[in-house]
Amino acid sequence: MSSFAPDGRSTAVVTGASSGIGAATARRLAEAGFSVVLGARRSDRLAAVAASIPGARALPLDVADPESVEAFCAAVPACSVLVNNAGGALGLEEIALADEAKWRQMWETNVMGTLRMTKALLPKLVASGDGLVVTIGSVAAFERYAGGAGYHAAKAAERALTEVLRIELLGQPVRVTEIDPGMVETEFSLVRFGGDADAAAAVYAGVVPLTADDIAQCVAFVATRPSHVDIDELVVRPRDQARVHLVHRRPD
Ligand code: NDP
Ligand code: 8X3
(Lines give C-alpha, C1' and ligand atoms only; values in the text may rest on other atoms or scores of the structure.)
(Ligands and ions follow the chains in the order given, each with its own letter.)
Protein backbone atom coordinates (compact mmCIF):
# COMPACT_ATOMS: atom_id res chain seq x y z
CA MET A 1 0.00 0.00 0.00
CA SER A 2 1.44 3.38 -0.95
CA SER A 3 1.34 6.19 1.60
CA PHE A 4 1.17 8.73 -1.18
CA ALA A 5 -1.84 10.56 -2.59
CA PRO A 6 -2.34 10.43 -6.38
CA ASP A 7 -0.33 13.68 -6.61
CA GLY A 8 2.65 11.96 -4.95
CA ARG A 9 2.37 13.74 -1.60
CA SER A 10 2.07 11.97 1.77
CA THR A 11 -1.42 12.05 3.26
CA ALA A 12 -2.24 13.71 6.57
CA VAL A 13 -5.64 13.23 8.24
CA VAL A 14 -6.83 15.95 10.62
CA THR A 15 -9.89 15.37 12.79
CA GLY A 16 -11.97 18.29 14.05
CA ALA A 17 -10.77 20.41 11.13
CA SER A 18 -13.88 22.58 10.75
CA SER A 19 -12.52 25.21 13.17
CA GLY A 20 -9.76 26.25 15.53
CA ILE A 21 -6.61 24.18 15.92
CA GLY A 22 -7.73 21.52 13.42
CA ALA A 23 -8.40 23.98 10.59
CA ALA A 24 -5.11 25.79 11.23
CA THR A 25 -3.25 22.47 11.37
CA ALA A 26 -4.68 21.30 8.05
CA ARG A 27 -3.50 24.57 6.51
CA ARG A 28 0.02 24.31 7.96
CA LEU A 29 0.40 20.63 6.99
CA ALA A 30 -0.69 21.42 3.43
CA GLU A 31 1.90 24.21 3.33
CA ALA A 32 4.48 21.70 4.59
CA GLY A 33 3.74 19.51 1.55
CA PHE A 34 1.13 17.04 2.80
CA SER A 35 -2.06 16.11 1.00
CA VAL A 36 -4.62 16.79 3.72
CA VAL A 37 -7.90 15.05 4.49
CA LEU A 38 -10.17 16.97 6.84
CA GLY A 39 -12.90 15.48 9.02
CA ALA A 40 -15.60 16.99 11.26
CA ARG A 41 -19.38 16.94 11.72
CA ARG A 42 -20.36 20.40 10.36
CA SER A 43 -20.00 19.73 6.65
CA ASP A 44 -20.61 23.35 5.57
CA ARG A 45 -17.84 24.65 7.82
CA LEU A 46 -15.56 21.80 6.82
CA ALA A 47 -16.12 22.40 3.11
CA ALA A 48 -15.31 26.10 3.54
CA VAL A 49 -12.01 25.31 5.30
CA ALA A 50 -11.09 22.68 2.69
CA ALA A 51 -11.90 25.09 -0.15
CA SER A 52 -9.28 27.49 1.22
CA ILE A 53 -6.53 24.82 1.19
CA PRO A 54 -5.21 23.72 -2.22
CA GLY A 55 -5.83 20.01 -2.83
CA ALA A 56 -7.60 19.41 0.50
CA ARG A 57 -10.39 16.81 0.80
CA ALA A 58 -13.27 17.18 3.24
CA LEU A 59 -15.13 14.12 4.49
CA PRO A 60 -17.91 13.95 7.09
CA LEU A 61 -16.70 12.54 10.40
CA ASP A 62 -18.19 12.07 13.85
CA VAL A 63 -15.46 10.47 15.95
CA ALA A 64 -18.09 9.56 18.56
CA ASP A 65 -19.84 7.31 16.02
CA PRO A 66 -18.05 4.04 15.13
CA GLU A 67 -19.84 3.76 11.76
CA SER A 68 -18.84 7.29 10.79
CA VAL A 69 -15.21 6.57 11.70
CA GLU A 70 -15.31 3.35 9.67
CA ALA A 71 -16.73 5.09 6.59
CA PHE A 72 -14.27 7.99 6.87
CA CYS A 73 -11.22 5.74 7.22
CA ALA A 74 -12.36 3.49 4.36
CA ALA A 75 -12.38 6.55 2.11
CA VAL A 76 -8.74 7.33 2.98
CA PRO A 77 -6.60 4.95 0.91
CA ALA A 78 -3.32 5.84 2.59
CA CYS A 79 -2.18 7.77 5.62
CA SER A 80 1.21 8.94 6.91
CA VAL A 81 0.05 11.42 9.55
CA LEU A 82 -2.99 11.29 11.81
CA VAL A 83 -3.77 14.35 13.93
CA ASN A 84 -6.25 13.42 16.66
CA ASN A 85 -7.58 16.90 17.33
CA ALA A 86 -11.38 16.52 17.52
CA GLY A 87 -12.51 17.12 21.06
CA GLY A 88 -13.16 19.74 23.66
CA ALA A 89 -14.92 20.45 26.95
CA LEU A 90 -18.60 20.67 27.81
CA GLY A 91 -19.61 22.71 30.85
CA LEU A 92 -17.79 23.83 33.97
CA GLU A 93 -20.05 22.32 36.62
CA GLU A 94 -18.56 21.21 39.90
CA ILE A 95 -18.75 17.49 40.68
CA ALA A 96 -21.77 18.01 42.97
CA LEU A 97 -23.71 19.19 39.90
CA ALA A 98 -22.02 17.02 37.26
CA ASP A 99 -24.04 16.39 34.11
CA GLU A 100 -23.48 12.75 33.12
CA ALA A 101 -24.46 13.33 29.50
CA LYS A 102 -21.72 15.95 29.14
CA TRP A 103 -19.16 13.66 30.79
CA ARG A 104 -20.12 10.85 28.41
CA GLN A 105 -19.88 13.09 25.37
CA MET A 106 -16.45 14.40 26.42
CA TRP A 107 -15.31 10.81 26.91
CA GLU A 108 -16.75 9.67 23.58
CA THR A 109 -15.10 12.50 21.66
CA ASN A 110 -11.71 12.99 23.30
CA VAL A 111 -10.98 9.40 24.35
CA MET A 112 -13.01 6.95 22.27
CA GLY A 113 -12.70 9.17 19.20
CA THR A 114 -8.92 9.14 19.48
CA LEU A 115 -8.97 5.38 20.09
CA ARG A 116 -11.25 4.70 17.11
CA MET A 117 -9.34 6.87 14.65
CA THR A 118 -5.96 5.53 15.75
CA LYS A 119 -7.10 1.90 15.63
CA ALA A 120 -8.70 2.31 12.22
CA LEU A 121 -5.74 4.09 10.59
CA LEU A 122 -2.88 2.25 12.30
CA PRO A 123 -2.46 -0.37 9.54
CA LYS A 124 -2.13 2.42 6.97
CA LEU A 125 0.24 4.41 9.19
CA VAL A 126 2.47 1.33 9.59
CA ALA A 127 2.24 0.53 5.87
CA SER A 128 3.39 4.07 5.05
CA GLY A 129 6.81 3.12 6.44
CA ASP A 130 7.03 6.52 8.17
CA GLY A 131 3.85 7.16 10.14
CA LEU A 132 3.07 9.76 12.78
CA VAL A 133 0.21 10.09 15.26
CA VAL A 134 -0.15 13.54 16.85
CA THR A 135 -2.74 13.85 19.58
CA ILE A 136 -3.88 17.26 20.77
CA GLY A 137 -4.16 16.75 24.52
CA SER A 138 -4.20 19.62 27.00
CA VAL A 139 -2.48 20.91 30.10
CA ALA A 140 -5.85 19.95 31.63
CA ALA A 141 -4.60 16.35 31.42
CA PHE A 142 -2.25 16.99 34.34
CA GLU A 143 -3.30 20.29 36.00
CA ARG A 144 -6.66 20.78 37.73
CA TYR A 145 -9.28 23.45 38.41
CA ALA A 146 -12.74 23.46 40.01
CA GLY A 147 -15.38 22.49 37.46
CA GLY A 148 -12.85 20.76 35.23
CA ALA A 149 -13.19 17.15 36.40
CA GLY A 150 -15.05 15.78 33.37
CA TYR A 151 -12.61 17.37 30.93
CA HIS A 152 -9.58 16.50 33.10
CA ALA A 153 -10.69 12.88 33.23
CA ALA A 154 -11.08 12.69 29.46
CA LYS A 155 -7.78 14.42 28.66
CA ALA A 156 -5.92 12.34 31.27
CA ALA A 157 -7.32 9.17 29.69
CA GLU A 158 -6.41 10.39 26.20
CA ARG A 159 -2.88 11.02 27.53
CA ALA A 160 -2.70 7.46 28.93
CA LEU A 161 -3.79 6.10 25.54
CA THR A 162 -1.06 8.12 23.80
CA GLU A 163 1.65 7.01 26.23
CA VAL A 164 0.70 3.34 25.86
CA LEU A 165 0.58 3.67 22.06
CA ARG A 166 4.16 5.00 22.11
CA ILE A 167 5.24 1.90 24.08
CA GLU A 168 3.28 -0.55 21.94
CA LEU A 169 4.63 0.87 18.66
CA LEU A 170 8.27 0.62 19.67
CA GLY A 171 10.00 -1.06 16.73
CA GLN A 172 7.31 0.00 14.25
CA PRO A 173 7.83 2.85 11.77
CA VAL A 174 5.32 5.12 13.52
CA ARG A 175 6.10 8.07 15.78
CA VAL A 176 3.71 9.20 18.52
CA THR A 177 3.45 12.76 19.83
CA GLU A 178 1.19 14.50 22.30
CA ILE A 179 0.89 18.28 22.16
CA ASP A 180 -0.59 19.80 25.32
CA PRO A 181 -1.69 23.39 24.83
CA GLY A 182 -2.69 25.84 27.51
CA MET A 183 -5.18 28.59 26.69
CA VAL A 184 -5.85 28.87 22.93
CA GLU A 185 -8.51 31.30 21.69
CA THR A 186 -10.77 29.25 19.40
CA GLU A 187 -14.41 28.16 19.61
CA PHE A 188 -13.40 25.92 22.54
CA SER A 189 -14.93 28.15 25.24
CA LEU A 190 -18.01 28.99 23.16
CA VAL A 191 -18.68 25.25 22.89
CA ARG A 192 -17.86 24.67 26.57
CA PHE A 193 -20.38 27.32 27.65
CA GLY A 194 -23.13 26.17 25.27
CA GLY A 195 -22.85 29.18 22.93
CA ASP A 196 -22.67 31.86 25.67
CA ALA A 197 -20.37 34.39 23.94
CA ASP A 198 -19.94 36.57 27.06
CA ALA A 199 -18.81 33.62 29.18
CA ALA A 200 -16.44 32.56 26.41
CA ALA A 201 -14.97 36.06 26.01
CA ALA A 202 -14.38 36.31 29.78
CA VAL A 203 -11.96 33.36 29.58
CA TYR A 204 -9.58 35.42 27.45
CA ALA A 205 -10.19 38.86 29.04
CA GLY A 206 -6.97 40.79 29.66
CA VAL A 207 -4.81 37.89 28.42
CA VAL A 208 -2.80 37.33 25.26
CA PRO A 209 -3.77 33.70 24.59
CA LEU A 210 -2.25 31.32 22.09
CA THR A 211 -3.78 31.23 18.62
CA ALA A 212 -4.82 28.11 16.74
CA ASP A 213 -1.97 28.76 14.34
CA ASP A 214 0.57 28.71 17.20
CA ILE A 215 -0.39 25.09 17.82
CA ALA A 216 -0.65 24.29 14.11
CA GLN A 217 2.95 25.42 13.68
CA CYS A 218 3.96 22.99 16.44
CA VAL A 219 2.19 20.12 14.63
CA ALA A 220 3.94 21.04 11.38
CA PHE A 221 7.28 21.18 13.21
CA VAL A 222 6.72 17.71 14.67
CA ALA A 223 5.65 16.30 11.29
CA THR A 224 8.68 17.67 9.48
CA ARG A 225 11.40 16.32 11.80
CA PRO A 226 13.54 13.52 10.37
CA SER A 227 11.95 10.06 10.71
CA HIS A 228 14.20 8.98 13.58
CA VAL A 229 13.19 11.97 15.75
CA ASP A 230 10.08 11.50 17.88
CA ILE A 231 8.95 14.63 19.74
CA ASP A 232 7.21 12.68 22.52
CA GLU A 233 5.49 15.61 24.17
CA LEU A 234 5.19 19.37 23.76
CA VAL A 235 3.60 21.56 26.46
CA VAL A 236 2.78 24.97 24.99
CA ARG A 237 1.31 27.84 27.01
CA PRO A 238 0.78 31.57 26.59
CA ARG A 239 3.38 33.67 28.40
CA ASP A 240 0.41 34.96 30.44
CA GLN A 241 -0.43 31.48 31.79
CA ALA A 242 2.08 29.92 34.20
CA ARG A 243 -0.24 27.07 35.17
CA VAL A 244 -3.75 26.22 33.99
CA HIS A 245 -5.27 28.13 36.95
CA LEU A 246 -2.55 30.81 37.22
CA VAL A 247 -3.22 33.51 34.63
CA HIS A 248 -1.92 37.07 34.39
CA ARG A 249 -4.73 39.45 33.34
CA ARG A 250 -4.24 43.11 32.44
CA PRO A 251 -6.94 45.53 33.59
CA ASP A 252 -9.09 47.06 30.80
P1 NDP B 1 -12.85 24.23 18.52
O2 NDP B 1 -14.14 24.12 19.24
O3 NDP B 1 -12.58 25.45 17.72
O4 NDP B 1 -12.64 22.98 17.56
C5 NDP B 1 -13.06 21.68 17.94
C6 NDP B 1 -13.14 20.84 16.68
O7 NDP B 1 -13.50 19.50 17.05
C8 NDP B 1 -14.21 21.34 15.71
O9 NDP B 1 -13.70 21.28 14.41
C10 NDP B 1 -15.34 20.34 15.89
O11 NDP B 1 -16.02 20.20 14.64
C12 NDP B 1 -14.55 19.07 16.22
N13 NDP B 1 -15.35 18.05 16.85
C14 NDP B 1 -15.98 18.12 18.06
N15 NDP B 1 -16.64 16.99 18.29
C16 NDP B 1 -16.41 16.17 17.21
C17 NDP B 1 -16.84 14.88 16.84
N18 NDP B 1 -17.65 14.15 17.64
N19 NDP B 1 -16.41 14.36 15.68
C20 NDP B 1 -15.62 15.08 14.85
N21 NDP B 1 -15.18 16.32 15.13
C22 NDP B 1 -15.60 16.85 16.31
O23 NDP B 1 -11.73 24.04 19.64
P24 NDP B 1 -10.14 23.86 19.56
O25 NDP B 1 -9.65 24.02 18.19
O26 NDP B 1 -9.58 24.69 20.61
O27 NDP B 1 -10.01 22.33 20.03
C28 NDP B 1 -9.25 21.37 19.35
C29 NDP B 1 -8.61 20.43 20.36
O30 NDP B 1 -7.70 21.17 21.16
C31 NDP B 1 -9.57 19.76 21.32
O32 NDP B 1 -9.19 18.40 21.47
C33 NDP B 1 -9.36 20.52 22.62
O34 NDP B 1 -9.66 19.74 23.75
C35 NDP B 1 -7.89 20.83 22.51
N36 NDP B 1 -7.40 21.92 23.33
C37 NDP B 1 -7.92 23.18 23.21
C38 NDP B 1 -7.43 24.21 24.00
C39 NDP B 1 -7.98 25.59 23.97
O40 NDP B 1 -7.74 26.37 24.91
N41 NDP B 1 -8.71 25.98 22.92
C42 NDP B 1 -6.33 23.98 24.94
C43 NDP B 1 -5.88 22.62 25.00
C44 NDP B 1 -6.39 21.65 24.21
P45 NDP B 1 -17.56 19.85 14.45
O46 NDP B 1 -18.32 20.51 15.57
O47 NDP B 1 -17.86 20.42 13.09
O48 NDP B 1 -17.65 18.36 14.46
C1 8X3 C 1 -8.06 23.67 27.33
C2 8X3 C 1 -7.31 24.31 28.44
O3 8X3 C 1 -7.63 25.58 30.60
O4 8X3 C 1 -9.61 25.24 29.29
O5 8X3 C 1 -7.68 22.36 27.18
O6 8X3 C 1 -8.64 23.40 30.46
S7 8X3 C 1 -8.35 24.61 29.76
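Structure summary
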{"read-out": "Point-to-point label distance, ALA149-SER227, nm (Cα→Cβ direction, 7 Å offset)", "value": "4.7 nm"}
{"read-out": "For region 96-252, share of DSSP beta bridges that run antiparallel, in % to the nearest 5", "value": "15 percent"}
{"read-out": "Relative contact order for the chain, counting Cα pairs under 8 Å that sit 6 or more residues apart, in percent", "value": "20 percent"}
{"read-out": "Accessible surface of the chain [probe 1.4 Å, protein heavy atoms]: carbon and sulfur percent", "value": "58 percent"}
{"read-out": "Cβ-placed point charges (K, R +1; D, E -1), dipole of region 11-247 about Cα centre in debye, nearest 20", "value": "460 debye"}
{"read-out": "Over the chain: helical MRE at 222 nm, DSSP H runs n ≥ 4 each giving -39500 (n - 2.57), nearest 500", "value": "-11500 deg cm²/dmol"}
{"read-out": "Rough spin-label spacing in nm, given labels placed 7 Å along Cα→Cβ, for ARG243 and VAL164", "value": "2.9 nm"}
{"read-out": "Set of lysines near LYS102 by C-alpha distance (under 17 Å), chain-local residues within fewer than 8 positions excluded", "value": "LYS155"}
{"read-out": "Rg and Dmax of the chain, Cα atoms only, in Å", "value": "17.4, 57"}
{"read-out": "Solvent-accessible area of LEU61 with every protein chain in place, 1.4 Å probe, in Å² to the nearest 10", "value": "10 Å²"}
{"read-out": "Those trypsin sites (Lys or Arg not before Pro) in region 1-93 that DSSP places in a loop and that have at most 13 other beta carbons within 10 Å", "value": "ARG42"}
{"read-out": "Given 15 as the ceiling on other Cβ atoms within 10 Å, longest exposed-site-free region of the chain for chymotrypsin sites (Phe, Trp or Tyr not before Pro) in DSSP loops", "value": "1-141"}
{"read-out": "For region 178-241 and region 87-154, distance of Cα centres in Å", "value": "15 Å"}
{"read-out": "Difference of contour (0.36 nm per residue) and Cα-Cα distance, ALA205 to ASP44", "value": "55.0 nm"}
{"read-out": "Heavy-atom accessible area per residue - the chain, 1.4 Å, Å²", "value": "46 Å²"}
{"read-out": "Extension reserve of the ALA71-ARG57 stretch, reckoned as 0.36 nm per residue once the Cα distance is removed", "value": "3.6 nm"}
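The values are calculated or read from the model by the stated rules, or taken from the named source; none is laboratory data. Keep in mind the model is a prediction, meaning the values are calculated, not measured. Cβ sites come from the backbone with ideal geometry, for glycine too, and all protein chains shown count toward neighbours. Please note that ligands, DNA and RNA were not included when accessible areas were found on the heavy atoms of the full protein model with its side chains. Shrake-Rupley method; radii C 1.70, N 1.55, O 1.52, S 1.80 Å.
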